[in-house]
Amino acid sequence: MKLWGGRFETGPSDVFERFSGSLDFDRRLIDADIRGSQAFARALERVGILSPEERERIIDAFEHIREDAAEPEFFQGASDEDVHTLVIRKLKERAGPVADKIHTGRSRNEQVSLDVRLWLREECDRVRELLGGVMGALVALAEAYPDAVVPGYTHLRRAQAVLWPHYLLAYFEMFDRDRERFAAARRGADLLPLGSGALAGSGFPFDREAIARDLGFAGITRNSMDVSGDRDFVLDFLYAASVCMLHLSRLAEDWVLYSSEEFGWMELGDGVTSGSSLMPQKKNPDSLELIRGKSGRVIGALTSLMVTMKGLPMTYNRDMQEDKVPLFEAADQVTGSLEMARAVIESVHLLPGKPLSAAEESWVVATDLAEALARAGTPFHQAHQIVGRFVLESARSGRKPSDWTAAEMARFAPEFSAEIAGLLDPKQGMRSREVPGGTGPGTVAAAVAAARQRLAEPNP
């Protein structure tokens, strides 16, 4: 069945049918297509195209199609060019000739836009819920080890000591921004395109605001030409998904390292790791490596659609059919990765002694010493030089911070007081960092509690 054909003497060739068909991937829009068509049937009744009885027959037929579509055999053998023609064919089988009225005043251009918007709104909600689960798992892991000390890194070199919960909350903030990006993507999709026609607006006096209310949209689109050629709302989702996967990939990279023998900070659960077919001792972080790898697929989906859209003239072009494969690919990968990430986080067993030893044996306290000197009156540039020479002397003599006594420090530089010598313990230096957003113990405890509260609040 075709939604067009009167102008053609012959039908499309087999090769064109195979090349242009989209049912194999747009079939997942079937529920959205049915809901949108039911709302459109009600709109057709309001403008006098359908009688109440015809509208009821059509809507009832759509309900039966929805039920049938839940069965695996529904799509078997279907040769329709896309899900929209499949639904119309099924409608005609159930409702009879009145089905021919359902497309009155409606273009497939706006119908596709509507279906994707309906589907995408729900997908954004789903992703945001999964993000909340990951964020909750991070908070629980922070609460499980509230006093654990780990080295913070720059350039993958030990830099300053931080609390483990402070480190985890850094990812919490990243994922919270991701939630807002998906909320923004949802808002971009939450506009009704019906009534726009193919590009010039409908020739029927539809109450577009009423249709929007019927389908729960926040408003209506403003320009029919824009609607016909618009996939910004899909790009918004793909961008949000790409940044989210970037964050997941960074977490995965950290934990691949931190769970390795070289770091030994944490153990991952058996349920999220795998072994080697040859080496019996191996416990590989495959779940994290796959998250890291799948990020490339999602970023590729964003690039794919951007390249597709960049050179299109106004308004609709068939190239835009290619929006769905990257959209569905990205949605599948980001939701699957978020589910996997939560399982990994919930499996983590931190070994606090390992990162603490790494902090204690390194010079992550150097900044604490320099700032203490500055607070005592030494200009910071001079304080920086003093501590730098102190670290150099320690490196030459193979001494760790704990190898120094207060008296030895004072002999090295009279500016070092006994109080400053206490900062050789990385736990002590953190106490000076109670500035909001810092790693001071009080600040971090409050931040963890605040994060827990943020998760409990409504997040529209």
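The values are calculated or read from the model by the stated rules, or taken from the named source; none is laboratory data. Quantities reported herein were computed from a predicted structural model and do not represent experimental measurements. Cβ: placed from backbone, ideal geometry, glycine included. Neighbour counts: every protein chain shown. The area values use the complete protein model at the heavy-atom level, side chains included, leaving out ligands, DNA and RNA. Shrake-Rupley method; radii C 1.70, N 1.55, O 1.52, S 1.80 Å.
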Q: Leaving ligands, DNA and RNA out of it, report the carbon-plus-sulfur percent of the accessible area of the chain at a 1.4 Å probe.
A: 52 percent
Q) Which one of Leu248, Leu199, Gly442 has its Cα pushed farthest toward the positive end of the charge dipole of the chain, where Lys and Arg give +1 and Asp and Glu give -1 at the Cβ? A) Gly442
Q | Per residue value of the accessible surface for the chain (all protein chains in place, 1.4 Å probe), Å² | A | 48 Å²
Q.
Taking the 0 to 90 degree range and rounding to the nearest ten, how far is the long axis of helix 108-144 tilted relative to the main principal axis of the chain, both from C-alpha atoms?
A. 20 degrees
Q.
If you fit an axis through the alpha-carbon atoms of helix 164-189 and take the longest principal axis of the Cα set of the chain, what angle between them do you get, 0 to 90°, nearest 10?
A. 20 degrees
Q: Using only Cα positions of segment 291-376, each an equal point scatterer, no hydration layer, compute I(q)/I(0) via Debye at q = 0.11, 0.15, 0.17, 0.20 Å⁻¹ and quote the log10 values to two decimals.
A: -0.62, -0.75, -0.82, -0.95
Q: Check each of the trypsin sites (Lys or Arg not before Pro) in segment 4-46 and keep only those in coil by DSSP with at most 13 other C-beta atoms within 10 angstrom; list them in order.
A: Arg7
Q) What span do the alpha-carbon atoms of segment 208-261 cover on each of the three principal axes, reported in whole Å from largest to smallest? A) 62, 23, 10
Q) What range in the chain is the longest one free of GluC sites (Glu not before Pro) that are in a loop by DSSP and have at most 16 other Cβ atoms within 10 angstrom? A) 10-260
Q | Exposed chymotrypsin sites (Phe, Trp or Tyr not before Pro) absent - longest run of the chain, DSSP non-H/G/I/E/B, at most 12 other C-beta within 10 Å | A | 9-460
Q) Relative to the first principal axis of the alpha-carbon coordinates of the chain, what is the inclination of helix 286-309, with its axis defined by its Cα atoms, in degrees from 0 to 90 and to the nearest 10? A) 50 degrees
Q: Mind checking the full-extension length gain between His103 and Asp319? Use 0.36 nm per residue of separation minus the Cα-Cα distance, one decimal, nm.
A: 75.5 nm
Q) What FRET efficiency would be calculated for the residue pair Ser20, Glu267, taking the C-beta separation as r and a Förster radius of 45 Å, to the nearest 0.05? A) 0.30
Q. Based on the Kirkwood radius over alpha-carbon pairs, what value in µm²/s does the Stokes-Einstein equation return for the translational diffusion coefficient of segment 110-250 at 10 °C and 1.306 mPa s?
A. 90 µm²/s
**Q.** Note, ³J(HN,Hα) from phi for segment 345-356, Karplus 6.51, -1.76, 1.60, rounded to Hz, x at Gly and Pro
**A.** 4, 5, 8, 5, 10, 7, 10, x, x, 5, x, 4
Q | Förster-model FRET efficiency, 51 Å R0, Arg431 and Ala218, C-beta, rounded to 0.05 | A | 0.60
(Q) Which residue, Phe172, Gly216, Pro97, has the largest displacement toward the positive end of the dipole of the chain when charges sit on each Cβ (Lys, Arg +1; Asp, Glu -1)? (A) Phe172
Q. If you take the Cα atoms of the chain, find Rg, then find the Kirkwood Rh from the mean of 1/r over all pairs, what is Rg/Rh?
A. 1.15
(Q) Using the Cα centre of segment 6-59 as the reference point, and only Cβ charges (+1 on K/R, -1 on D/E), how large is the resulting charge dipole? Debye, rounded to the nearest 20. (A) 220 debye
Q | Helix-derived mean residue ellipticity, 222 nm - over the chain, DSSP H n ≥ 4, -39500 (n - 2.57), to 500 | A | -20000 deg cm²/dmol
Q) Hey, with R₀ at 45 Å, roughly what FRET efficiency would Arg126 and Glu361 work out to, going by the Cβ-Cβ distance, to 0.05? A) 0.50
Q) Among Val348, Ser277, Ser304, whose Cα lies farthest out toward the positive end of the dipole of segment 216-350, if unit charges sit on the beta carbon of Lys, Arg (+1) and Asp, Glu (-1)? A) Ser304
Q. Taking only C-alpha pairs under 8 Å that are 6+ residues apart, what is the relative contact order of the chain in percent?
A. 16 percent
Q. Once you put a point 7 Å from the Cα of Asp68 and another 7 Å from the Cα of Arg42, both along the Cβ direction, what distance in nm separates them?
A. 2.4 nm
(Q) Give me the dipole magnitude in Debye, nearest 20, for the chain about the Cα centre, with unit charges on the beta carbon: positive for Lys and Arg, negative for Asp and Glu. (A) 920 debye
Q. So how strong a dipole does segment 1-104 carry about its Cα centre when Lys and Arg Cβ are +1 and Asp and Glu Cβ are -1, to the nearest 20 debye?
A. 380 debye
